[in-house]
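The block underneath contains the structure these notes are about, expressed in structure tokens.
The values are calculated or read from the model by the stated rules, or taken from the named source; none is laboratory data. Quick caveat, the model's predicted, so the values are computed rather than measured. Cβ placement follows ideal geometry from the backbone for every residue including glycine, while neighbour counts extend to all protein chains displayed. We work out accessible area using only protein heavy atoms, side chains counted, and drop any ligands, DNA or RNA first. Shrake-Rupley method; radii C 1.70, N 1.55, O 1.52, S 1.80 Å.
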Amino acid sequence: MLRGIFAVQSALYLGTIYGLSKSWYKNPLTKFSIKDDTHEWLQMDKLGHVYTSYQIARHTAAIYRKTGISKKQMLIYGAISGVIFQTPIEILDGFSPDYGFSPGDMVANVTGSAIYLGQIALWDEVRIQPKFSFHYTSLSRVRPELLGSSRTESWLKDYNGQTYWLSFSPGSFFKGSGWPLWLCFSAGYGMHNMVSAEKSRSIEMGYIPYRQYYLSLDIDMTKIKSRKKFVRTIGFLVNSIKIPAPSLQFSKKGVSFKPFYF
């Protein structure tokens, strides 16, 4: 089973890299270059790298667990997968005249895997869950070539509609409190009015970018008990997404209440 997983993972890995090299990069690859882009998109893209690396580590570790290997091997394979899967993409960026290798992206990739590995090593369980939510914005129509010309592209490219969360249950930290393990508080981060990767360019185009912070409730789907394996599997997969819920939004415009935010 372990050999089979390695084979399937390698095939998906190589296929993804090949597909990206043919479709994502518009211009031919050239000389390798390095670009510091940590100031772009108000760091939303870096949170995307953290989230993606974490989810890859979480899912691959769960798959490796089924092979019967040791817990230490499972964690190492999962954590390494989160970094290895994205590293060639960063290298391809380095050879692309449109991007350049980003040290910030690499740090974010390592951070995502470390969040998973560190929690299991420290607590023998995941207590803090990185999650994601998205809503469509009208800003994608302003620059569809950058923020997405379709709903599918906007989901990937329009950072204005993305929110990244950290969800945790007080019951996980205070075992005798009686707090339900499935009921979580969730802290989120987003932004608005970025129609360019550069804040200054967005301002030149007549938009005033600003950061947004959120406080909401969430559900840890992995803590909902069920005897059915199918239900537990669905809960594990869905747990990467923040459920729609009432939220408080904090920004330069003040505090506002969102009765149903996603």
**Study point:** Student exercise, the stretch 1-118 dipole from Lys, Arg, Asp, Glu Cβ charges, in Debye to nearest 20
**Key:** 700 debye
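Please report the carbon-and-sulfur percent of the accessible area for the chain; probe 1.4 Å, protein heavy atoms only, DNA, RNA and ligands left out.
Working: 9540 of 14340 Å².
In the chain, the share of accessible area belonging to carbon and sulfur is 67 percent.
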Study note, to complete from the structure: Taking only the Cα positions of the stretch 192-246, the convex hull volume per residue in Å³ is 107 Å³
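How high is the relative contact order of the chain, given as a whole-number percent (alpha carbon pairs under 8 Å, six or more residues apart)? Each step should come with its number before you reach the end.
Numbers: 457 pairs, mean separation 39.4, N = 262.
Reported relative contact order: 15 percent.
How large is the charge dipole for the chain, taken about the Cα centre, if only the Cβ atoms of Lys, Arg (+1) and Asp, Glu (-1) carry charge, to the nearest 20 debye?
Numbers: 31 positive and 17 negative charges, 230 e Å.
Charge dipole, the chain, about its Cα centre: 1100 debye, nearest 20.
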Study note, to complete from the structure: Once both label points are put 7 Å beyond Cα along the C-beta direction, the residue 237-residue 1 separation in nm becomes 1.9 nm
Review point. Averaged per residue, what accessible area in Å² does the stretch 12-133 show with a 1.4 Å probe, protein chains only?
Key: 49 Å²
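May I ask you to compute the full-extension gain from residue 38 to residue 211, defined as 0.36 nm times their residue separation minus their alpha-carbon distance, rounded to one decimal in nm?
Numbers: separation 173, 0.36 × 173 = 62.28 nm, distance 1.53 nm.
Net length gain for the segment: 60.7 nm.
So what is the relative contact order of the stretch 1-86, in percent, for Cα pairs below 8 Å that sit 6 or more residues apart?
Details: 39 pairs, mean separation 25.6, N = 86.
Relative contact order comes out at 30 percent.
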Revision key, fill the gap. Distance in Å, no decimals, from the C-alpha centre of the stretch 211-262 to the one of the stretch 55-83 is 25 Å
Check your understanding: Among 249, 193, 62, which residue has its Cα positioned farthest towards the positive end of the charge dipole of the chain, with +1 placed on the Cβ of Lys and Arg, -1 on the Cβ of Asp and Glu, and the dipole taken about the Cα centre?
Key -> 62
Review point. In whole percent, what relative contact order does the stretch 202-262 give with Cα contacts below 8 Å and a gap of six or more residues?
Key: 34 percent
**Study point:** Value of Rg/Rh across the chain [Cα atoms, Kirkwood radius]
**Key:** 0.98
Exercise for review: Grab the Cα-Cα distance for residue 76 and residue 149, subtract it from 0.36 nm times how many residues apart they are, and report the gain in nm with one decimal.
Suggested key: 22.4 nm
Exercise for review: Summarise the long-distance tail of P(r) for the stretch 155-196 by giving the % of C-alpha pairs beyond 12 Å.
Suggested key: 65 percent
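If we sort 87-97, 64-74, 105-115 on the protection proxy, mean other Cβ atoms within 10 Å, highest first, what's the order?
105-115, 87-97, 64-74
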Review point. Once you charge only the Cβ atoms, +1 for Lys and Arg and -1 for Asp and Glu, what is the size of the charge dipole of the stretch 222-262 about its Cα centre, to the nearest 20 debye?
Key: 240 debye
Check your understanding: Where the centre of each part is set by its Cα atoms, how far does the stretch 153-191 sit from the stretch 127-149, in angstrom?
Key -> 17 Å
